[in-house]
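These notes concern the structure reproduced below.
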Amino acid sequence: MELWPWLTAALLLLLLLAQLSRSARFYAKIGLYCAFCFTASAMAAVVCLLRHGGRTVENMSIISSFVRSFKYAYGLRFEVKGREILDEDRPCVIISNHQSILDMMGLMEVLPDRCVQIAKRELLFLGPVGLIMYLGGVLFINRQRSQTAMSVITDVGERMVREKLKVWIYPEGTRNDNGDLLPFKKGAFYLAIQAQVPIIPVVYSSFSSFYSCKTKLFTSGTIQVEVLDAIPTRGLTVADVPKLLDTCHQAMRTRFFHISKIPPKNGAPSGPTAQENGAPSGPDAQEAQ
């Protein structure tokens, strides 16, 4: 049986529904986004294998070029301030806020050379998406095994310095579209202090004016991206993790509200007070998407 007629009919049905309902338009765009991800991943995987033959951080530039094209289909623009801070030739830990599945486009828009991400192990099994993440050198952590997660963090710290890698982490640990930042987990800060490398915060403005799962909104829009000054960790120890975490959270939260042009939520904590002192547990030891 020919598959293409059915796919064409399904696409036409989606387009028809998209004209009738805001919810239908939302889900049609999400479905198209997922289709883009799988298709681009399969195509990029072939290019990566032909160019570099296997798993390497050098493949990230190829992956980035594919993903950056998505924004044209959705009418999205990224206005970036401070990109030169990311491009400095040094190992570092990059942290950013995490709002939705669209964050991948924002990540690839400013991704510097020799930069890898830390992600939850489950993503490895997402077909071509998992394959391209593997080929790009993404570091996978099993959140159910804290000792394994900490072992990966230790290995990453040594590798960062040895290979001059940048590591991108979402310290909130999960997507968050509540109009504020969640408390940060500690893994990124343990990693930076262990490797004695700076932390570079990257803040993306709120997506709420053009994207919302709650109201089924998905239109075109502009995302402000601001790269903050690097925060040094030279000479810091594990005892300094809570203070470092709080400093980063405060700075990113302040910039988030500023570039999003929205006031802080009433009663929202000004810092990650929910985090307790001590060694990181399994979820804290990694910062998955």
1.4 Å probe accessible area per residue over region 30-127, in Å²: 45
For region 24-137: rounded, prolate or oblate by the Cα gyration tensor [a/c cutoff 1.5]: oblate
Order by protection proxy (mean Cβ within 10 Å, highest first), peptides 227-236, 189-198: 189-198, 227-236
Exposure of S23 as accessible area (Å², to 10), given a probe of 1.4 Å and all protein chains: 50
Accessible surface of M60 - all protein chains present, 1.4 Å probe, nearest 10 Å²: 10
Solvent accessible area, Å² - H258, 1.4 Å probe, full protein context: 110
A10-F38 pseudo-label distance in nm [points 7 Å out on the Cα-to-Cβ vector]: 0.7
Accessible area in the full protein assembly, largest first, 1.4 Å probe, for L131, L181: L131, L181
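Just list whichever of K166/K186; K120/K166; K71/K186 have alpha carbons separated by over 22 Å in the model shown.
Too far apart for the 22 Å limit: K71/K186.
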When region 65-107 is reduced to its Cα atoms, the Kirkwood hydrodynamic radius in Å: 12.3
Cα shape, region 103-229, gyration tensor, a/c 1.5 rule: prolate
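The values are calculated or read from the model by the stated rules, or taken from the named source; none is laboratory data. Since this is a predicted model, take the numbers as computed values, not measurements. Note that each Cβ is placed from the backbone with ideal geometry, even for glycine, and that neighbours are counted across all protein chains shown. Calculation scope for accessible area: heavy atoms of the full protein, side chains included, ligands and nucleic acids excluded. Shrake-Rupley method; radii C 1.70, N 1.55, O 1.52, S 1.80 Å.
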